[in-house]
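What follows is calculated from the coordinates using simple rules that are stated; it is not laboratory data. Only a predicted model underlies this, so the values are computations on that prediction, with no experimental measurement involved. Every residue, glycine as well, gets a Cβ built from its backbone with ideal geometry; the counts of neighbours run over all protein chains shown.
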Amino acid sequence: MINADTIKKLENIVGKEHVSTDKADLICYSYDATQKQFLPEVVVHPGTSEEIARIMRMANEQSIPVFPRGAGSGFTGGSLPTAGGIVLALGRLDRIIEIDEENLVATVEPGVVTGQFQKAVEKLGLFYPPDPASLKFSTLGGNVAECAGGPRCVKYGVTKDFILGLEVVTPTGEIITTGGPTMKGVVGYDLTKLMCGSEGTLGIITRIIIKLLPLPEAKKTMLVLFDSIDGAAQAVSAIIRGKIIPTTLEFMDSATIDCGRQATDLEVPEQAQAVLIIEVDGERDLIEKQAKKINEIVQPLGVVETRIAETAGESEALWQIRRSVSASLRKVNPDKYNEDICVPRSKVPEMIRKVEQIANTSGIPIVNFGHAGDGNIHVNVMIDKQQPGQEEKAEQAIEAVFKAALDLGGTMSGEHGVGIMKAPYIPLELSGSVADYMKTIKKALDPNNVLNPGKIFIDTQEKD
Amino acid sequence: MPKAKLKKLEDYQEQIRQCVKCGACRAHCPVFGAEKHEGLVARGKVALSQALLDGDVEMKDKFLLDMSQCLLCGSCCAECPNKVPTEEIVAAARREIASKKGLSTFGKGVSTVLKSQGLMKTLTKSASAFSALLFKKLPESSGLRLRIPLPFVDRERTLPPIASKTFREQHPEFIEGEPGQPTVAFFTGCGINYLYPEIGEAMLKALKFIGVNVVIPKDQGCCGLPAVSAGAGETVEQLADQNLEALNRKPVDHIVTACASCNAGLGKIYAEMGEPFEQMAAKVEDIFVFLARHGLPEKLAALPKKEKRVRVTYHDPCHLRTRGITKEPRQILKALPQVDYIEMADAGTCCGLGGTYSVYHYETSQKIGAKKAQNINDSQAEMVATDCPGCIMQLQDSINHAGQKQQAVHILNLLVEALDELG
């Protein structure tokens, strides 16, 4: 329990106006995109890493759990204050400190919104590729903590591939820096990579050094409709085998297409059973050649129709089809579990078939779409929570999906992380000794288990 | 005659459930964009509304402040994957608060909290900025009283002068058109009637040009939108009853507006009140949609372009944009012979007025307005035209505070000149 004295101390550290115990504020910082709610005891909005360090030292002295939070848009509960305590809302740290055009490196604070950062660098002809669906509102700090992905990661890689260095407040309240603004650096352990995807359990990211690329000159988008799911899946493998890595290779199955048809005036012929949206970027001449080659590769694989966007407006219209899907899923059932398994690219067709079997056995609709180009499939288990028994069935189906992905050499999560949502399934993927190795790191860095306790590993909730 | 009835907060339970807290609203809420606090964004307000329904939060302190911090612009709903109508939910929550704690709770509660934060100034002197005359002329139920209640108006705000004679006082109730033409009712709204009668004159000229019969009921009232914003549910219902009677006395084919707020007040709020209000709401049409339907853009485009032209940009009023009306006002503007049209960045973001919002949150409202003024300036336009007297008031205030020279006008003000040429 946090007492009045502790609140006073927090106020002294960050200023009275940045601390709140008002019930309305506690409610507003109690949720994320998992739709689970846990009330914190106090919400604190720190303005500097020094303030955060002081808060962490105090939290250790008094054994108060601290939950760092960016935009609160995670799908697995990484920012949820599951054990009361302090929500550390990092929104005030929202400056783009530097965009270094000579070295193609930028330095930012964690509260900068990803999409706004992209706009800022693109104005200078530079490029930050990771593009999670939430990019218009999620923050770079959250993206690093969860190691966010997105459609463009097929070609460019995920968040961690663009992070050169960090400033981090450790769980015990030290301020450290990892990596730096150089393109190479091998002195000591790679703590930058360790922090990426650590879900706020190993430290609080307070500054991020980001690698940038030159902005590609142009891009070309095409939408290809296939008469079978296998055709689409084979197309993915064939393109990669053809030594072309498109910028994006997005896939939608027939259930997804049906949703799109119902929700929008989407015109897709009846015989289309799967869709690929393929985008290439780079120099104008090159992408014309690539697009032509891709078209030649996919045509023999049961293509019903090919639409190629010639203008930015046409490209936007093709992407709109993909974006309309998420919302239209509600037509199937009101509630969804959005899982994000990832399998080796060549296993995508097999994985889709297994998911179809699971859906048939459980009697619960499962809709698949996602980033086929890197084997990352969004498996949406659609239920109506108000109907008794559906949640249990959904959980069984999800476990079956995870097991199937692991059997194919895949993983339970490509982008969303573990948080609390996937924590119960950890033993399916991580062997005892691997889990112990990870937990040893956590224990060493956070001996009092005050920083984001109960995330990733369920048993870290229990104190020693 | 059935009486008007607004929905209660509990009637929105299903829509509240549909908010999955994804956070997409954080990218689109103008208030959140200015102040960055979760209680200000749609997702937070939906959570607070649920807490109110569940009895988990009391109607005081931050709760009141957060619920007051919404422009009801509808930008969040327009971009929400599940189309959760947060602006309706917030309005219903405000009515719930006002009905339990009295109508003045909102204003008083909010200003008390703000005062303690040093934001709300002592405002009695602002009377000098705004003629007391207005309040003698304004009926009790006019939304302008809610939008610019004297002691609360920040002395920094620049306001338009008051018309010595209101628009409706200057015109007969019925103006005959050409034979065989339909009849339209002109719903003036408070802004045109009391502050900008010249917009009304321009509107009449345009309607006469088309040749329709025009009805301007003397006893039409405020549309009720500012009362929706203030949580004054009963006032909204009374105004709906009054307007139904005024607008139904003569059979009319359309009810035209030149004010985005009135368009939404009549066309959207009334539409949710069941019959016969729904039927009335279905007749409501924005003046530019009406004029475009009658082929005016084509006629204007046929006029020779003037040698000396003025650079004009367009601001989308939220209450038209979120109802899908964005094309027609631009069509007319672009076709004007004396206009060089320029599209500004973020033309569709809110100006920051928001019903009664700017009264209690003038500083935030100014921050939102400052972004708009910057975009107007960057576009290099000499004028910003729009389709809403409320927006004009706010845009001009923001431009004045930025020390810029642009003029905020109604498209109708610019249309008059071209109508003369069309004969």
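Structure above, values below:
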read-out: Label zone at B:GLU173, where the point sits 7 Å out along the Cα-to-Cβ direction: segment B:200-217 residues whose backbone N lies under 19 Å; value: B:213-217
read-out: Rounded to the nearest 20 debye, dipole of segment A:158-237 from Cβ charges on Lys, Arg, Asp, Glu; value: 280 debye
read-out: Percentage of interatomic Cα-Cα distances in segment B:168-292 larger than 25 Å; value: 17 percent
read-out: Charge-dipole axis of segment A:25-151 as Lys and Arg at +1 and Asp and Glu at -1 on Cβ define it, positive-most pick from A:VAL105, A:SER63, A:GLN118; value: A:SER63
read-out: Spatial extent of chain A: Rg and Dmax, with the Cα atoms as the point set, Å; value: 22.8, 72
read-out: Segment B:SER99-B:GLU298, length gained on full extension (0.36 nm per residue, minus Cα span); value: 66.6 nm
read-out: Förster radius 35 Å - calculated FRET efficiency between A:GLU314 and A:GLN357, Cβ distance, rounded to 0.05; value: 0.40
read-out: Segment B:245-299 versus segment A:112-145: alpha-carbon centroid distance in Å; value: 42 Å
read-out: Evaluated at q = 0.06, 0.07, 0.11 Å⁻¹: base-10 log I(q)/I(0), Debye formula over Cα of chain B; value: -0.23, -0.32, -0.81
read-out: Local electrostatic count at B:GLU173 - Lys and Arg +1, Asp and Glu -1, tallied over other residues with Cβ under 11 Å; value: +3
read-out: Label-to-label distance, nm, for residues given as A:THR170 and A:ASP285 (7 Å Cα→Cβ offset); value: 5.4 nm
read-out: Within straight-line cross-link reach of A:LYS403, lysines at Cα separation under 19 Å, skipping those fewer than 8 residues along the same chain; value: A:LYS347, A:LYS354, A:LYS393, A:LYS422
read-out: Efficiency of FRET between B:MET59 and A:ASP384 - r from beta-carbon atoms, R0 30 angstrom, step 0.05; value: 0.35
read-out: Segment A:96-214, relative contact order [Cα under 8 Å, separation at least 6], %; value: 32 percent
read-out: Acute angle (nearest 10 degrees) that the helix B:411-422 long axis makes with the longest principal axis of chain B, alpha-carbon atoms; value: 10 degrees
read-out: Along each principal axis, Cα extent of segment A:218-407, largest first, Å; value: 57, 37, 26
read-out: Fewest-first ranking of A:VAL105, A:VAL113, using other Cβ atoms within 10 Å as the exposure measure; value: A:VAL105, A:VAL113
read-out: Only Lys, Arg (+1) and Asp, Glu (-1) charged, at Cβ; segment B:240-344 dipole about Cα centre in debye; value: 660 debye
read-out: Projected label distance in nm at A:LEU406 and B:LYS83, using a 7 Å step from Cα toward the beta-carbon; value: 4.1 nm
read-out: Listed residue (A:ALA435, A:ILE278, B:LEU419) projecting farthest to the positive dipole end of the protein assembly as shown, Cβ model; value: B:LEU419
read-out: Sequence of A:CYS259, A:CYS147 once ranked by neighbouring C-beta atoms within 10 Å, starting from the fewest; value: A:CYS147, A:CYS259
read-out: Residues A:GLU102 and A:ASN3, FRET efficiency given R0 of 56 Å [Cβ-Cβ distance, rounded to 0.05]; value: 0.60
read-out: Over the protein assembly as shown - Rg/Rh using Cα atoms and the Kirkwood inverse-distance radius; value: 0.98
read-out: Relative compactness, segment A:239-287, computed as alpha-carbon Rg over 2.2 N^0.38 Å; value: 1.46
read-out: For the protein assembly as shown, size of Cβ-based charge dipole, Lys and Arg +1, Asp and Glu -1, in debye; value: 1560 debye
read-out: Environment charge at B:ILE255 (Cβ cut-off 11 Å; Lys +1, Arg +1, Asp -1, Glu -1); value: -2
read-out: Cross-link pairs B:LYS62/B:LYS100; A:LYS184/A:LYS219; B:LYS165/B:LYS250 - those with Cα-Cα distance over 23 Å; value: A:LYS184/A:LYS219; B:LYS165/B:LYS250
read-out: Stretchable slack from A:ILE458 to A:MET183, in nm (0.36 nm times residue separation minus alpha-carbon distance); value: 95.3 nm
read-out: Neighbour net charge for A:ASP190 - beta-carbon separation under 14 angstrom, K R +1, D E -1; value: +2
read-out: Separation in nanometres of the label points that stand 7 Å from Cα toward Cβ, at A:ASP161 and B:GLU245; value: 7.1 nm
read-out: Relative counts (whole %) of C-alpha pair distances in segment B:296-422, using bins that are 5 Å wide; value: 2, 12, 22, 23, 19, 12, 7, 3, 1, 0
read-out: Burial ordering of A:SER315, A:SER433, fewest other beta-carbon atoms within 10 Å first; value: A:SER433, A:SER315
